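The values are calculated or read from the model by the stated rules, or taken from the named source; none is laboratory data. Since the model is a prediction, treat every value here as computed from it, not as a measurement. For neighbour counting, all protein chains shown are included, and Cβ atoms are generated from backbone atoms with ideal geometry for every residue, glycine included. SASA here: full protein model, heavy atoms, side chains in, ligands and nucleic acids out. Shrake-Rupley method; radii C 1.70, N 1.55, O 1.52, S 1.80 Å.
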Amino acid sequence: MSRLRLETKAFNAVVQRFATHTVPELHLVLMKKVSFQVLSGAVLKTPVDTGRARGGWQLDIGEESSLLSTPVELRRSLSVLADETSKLEGLQFGEKVIIGNNVSYIIYLEEGSSQQAPAGMLAVTLEEVRLQFS
């Protein structure tokens, strides 16, 4: 299992544990805030050369994700955040939020191939957000 997959699994477990100790009415607010933090952290930490990798971040809601089949557009960081976080308005209690990037070389960037982000983007962001729940 990849390092990122393990970190994502651990992150999800921490957030779920935290959510069990909050008022159920706040679970949806918590999910929206955490989702925004993870998306914005990943977007803003993604190295920029052409902007394609940074513009490739996407957010999807539900069990079945269409992220892998969605074509990547060249978008500016603020456009990515506005476009993708607007999807959180329709989030319902119990739905899964999926954040991903289908740019073909994103895994290499995550593994530190760029001097702009030698520790990656998503793993670093997940750790930063996870620390809020410790």
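A single member of Ser114, Ser79 is more than 25 Å from Lys33 (Cα to Cα), polar (S, T, N, Q) and in contact with a helix residue (DSSP H, G or I) (Cβ under 9 Å, 6 or more places away or on another chain), and it is Ser114. The number of residues in region 6-40 that are of a type in the set (Val, Ile, Thr) and open to solvent by 80 Å² or more (accessible area, probe 1.4 Å) comes to 1.
Take the conditions (1) of a type outside the set (Val, Ile, Thr); (2) open to solvent by less than 80 Å² (accessible area, probe 1.4 Å); (3) free of Cβ contacts under 8 Å to residues at least 12 places away in the same chain; (4) in a helix (DSSP H, G or I); Tyr108 misses just one of them, which is (2).
Yes/no matrix, rows are residues, columns are (1) modelled with pLDDT of 90 or more; (2) within 19 Å of Glu95 (Cα to Cα); (3) in a loop (DSSP other than H, G, I, E, B):
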residue	(1), (2), (3)
Leu4	no, no, no
Val14	no, yes, no
Leu26	no, yes, no
Leu30	yes, yes, no
Lys33	yes, yes, no
Val38	yes, yes, no
Ala42	yes, no, no
Asp49	yes, no, yes
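At pLDDT 95 or above and open to solvent by 40 Å² or more (accessible area, probe 1.4 Å): does that describe Ser79? Spelling it out, it is not the case that Ser79 is at pLDDT 95 or above and open to solvent by 40 Å² or more (accessible area, probe 1.4 Å).
Contact annotation: residue pairs with Cβ atoms under 7 Å, 6 or more positions apart or on different chains, pairing a residue in region 14-42 that is under 17 Å from Gly62 (Cα atoms) and touching a residue at least 40 places away in the same chain (Cβ under 8 Å) with a partner that is of a type in the set (Gly, Ala, Ser) and surrounded by fewer than 19 Cβ atoms within 10 Å (Cβ to Cβ), are His27/Ala19. Restricting Ser86, Ser66, Ser2 to residues that are loosely packed, with under 13 Cβ neighbours inside 10 Å and in contact with an Asp or Glu (Cβ under 8 Å, 6 or more places away or on another chain) narrows the list to Ser66.
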